[in-house]
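Only the coordinates and a few stated rules stand behind these numbers; no lab work does. Computed from a predicted structure; not experimentally measured. Positions of Cβ are backbone-derived with ideal geometry, glycine not excepted, and every protein chain shown enters the neighbour counts.
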């Protein structure tokens, strides 16, 4: 049954929210038992369990028997891929996002909104109840502030004005909480991240078992991004340069390595959400009604196996269920840029597949535009167990160093430092063997736009970039985007009705 976020805040107990969905991807021990809220949040162990619960809900892209990936939600309104699937009734929530038909009843919209607020709720409990009486608890509070800020950043950029919840809400205020202006949401994001920066350790200070945790660099990068989105170029430059000058991060040898199993939590990674392929699921024990430890969306995104898809000899891209099908427009952008190496690691055309000895039908496949995405590919090396399609352990790379460099290039350009902009742009382009950009003025900005399109394809940034640059109507209008409506997602219907929230324009 759908529940509104404010209802969850009012009626769900801390024990239920913290423990009922907790999985072991981030913790190699069993949960010792349930406690009342008054008994909990007292020890280092309590604090650690509580913060794991925040990461846990952010991992739950297949949750309570439904597909609800935040990454997929961000990709669908872009010009990178089509929803795909078996037919026009396969995961209609994703298809409607792709075709700009999403309504306030869209299940993907409501589930991702709900998950964001569940993460906020769990983070709030830590921030308000854990006492900073040890180094571990101080760090956990800082992690909670980073994660609260991260989820509020998703909320404010996708939905605009949203409810600002930093503690429990009295039932009498349930229907009067309302939405707060974006400026107020960003104010909380900034405050949380500044406090997190002061308390979080550097990435290098974490041991192998704690690589999933938020670090000082991740908080600095997110704060720089928040300022970039608000067009505060000076502050954006400052915090992004803090990440660059820390020497904690660097580019991997290739984007292919950065997205490989060996590249997980590598030197290019600032923040990842991790999955596991060790559960060895089969069709008898896969938790379809709950939440798996594996990343089932990787299988969802693989070339449709029953089309049939025939893998090219020497390749390891396995067949999948045929969603998130790359658009030819993106492939053509790589070709126009002369970007061969990065293209091969990101997107493949049907012509290339056939030339390499593989095969796929040229016609008759729903939503197929002649290309497949390979960045988050359904590779054999990413899977485990005897039923490969159920056991992908691929991590989502939510923040990586290449994005930091490109945000810094943009912030430098906006702040009037074109040499600095070209310097950061060059670092990213050098890795892919691309020539140095010497342009200035609007041509330099266009180079940044193109570089972000190519380097960050399928990472959930393209749609938000086009909106904040004012280019969404130009690039997405032919696909169905309507100005002054589709810049934002609809507020879920349940929260409009029961929380008395105002709806976004056009919905």
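Things to note:
- Gained length - residue 261 relative to residue 469, 0.36 nm times residue gap less alpha-carbon distance: 71.5 nm
- Cα gyration tensor shape for the stretch 296-394, rounded if a/c is under 1.5, else prolate or oblate: prolate
- Helical contribution to [θ] at 222 nm, DSSP H n ≥ 4, -39,500 (n - 2.57), averaged over the chain, rounded to 500: -13500 deg cm²/dmol
- Distance between modelled label sites at residue 497 and residue 341, nm, 7 Å Cα→Cβ extension: 5.5
- 315, 192, 154 arranged by Cβ crowding within 10 Å, fewest neighbours leading: 315, 154, 192
- Kirkwood Rh in Å, taken over the stretch 110-150 so that all alpha-carbon pairs contribute: 10.5
- Rg to Rh, two decimals, where the stretch 26-167 supplies the alpha carbon set and Rh follows Kirkwood: 1.05
- Difference of contour (0.36 nm per residue) and Cα-Cα distance, residue 439 to residue 44: 136.9 nm
- Note on residue 36 and residue 312: the model spin-label points, each 7 Å out from Cα along the C-beta direction, lie 6.4 nm apart.
- Distance between the 7 Å Cα→Cβ label points at residue 103 and residue 87: 2.1 nm.
- Stokes-Einstein D for the stretch 381-430, Kirkwood Rh over Cα pairs, 37 °C, 0.692 mPa s (µm²/s): 250
- Seen through its C-alpha gyration tensor, with square-root eigenvalues sorted a ≥ b ≥ c, the stretch 349-507 comes out oblate because a/c lies at 1.5 or above while a/b is not bigger than b/c.
- Only beta bridges with both residues in the chain are counted; by DSSP, about 95 percent of them are antiparallel.
- As a proxy for reagent exposure, 372, 212 were ordered by neighbouring Cβ count within 10 angstrom, fewest first; the result is 212, 372.
- The residues 98, 44, when put in order of fewest to most other Cβ atoms within 10 Å, stand as 44, 98.
- Here the gap between residue 362 and residue 418, fully extended at 0.36 nm per residue and compared with their Cα-Cα distance, gives a gain of 15.7 nm.
- For the chain, the relative contact order works out to 20 percent when only alpha carbon pairs closer than 8 Å and six or more residues apart are counted.
- Principal axis extents of the Cα atoms in the chain, from largest to smallest and rounded to whole angstrom, are 64, 58, 48.
- Using a Förster distance of 30 Å, the FRET efficiency for residue 136-residue 166 (Cβ separation, nearest 0.05): 0.85
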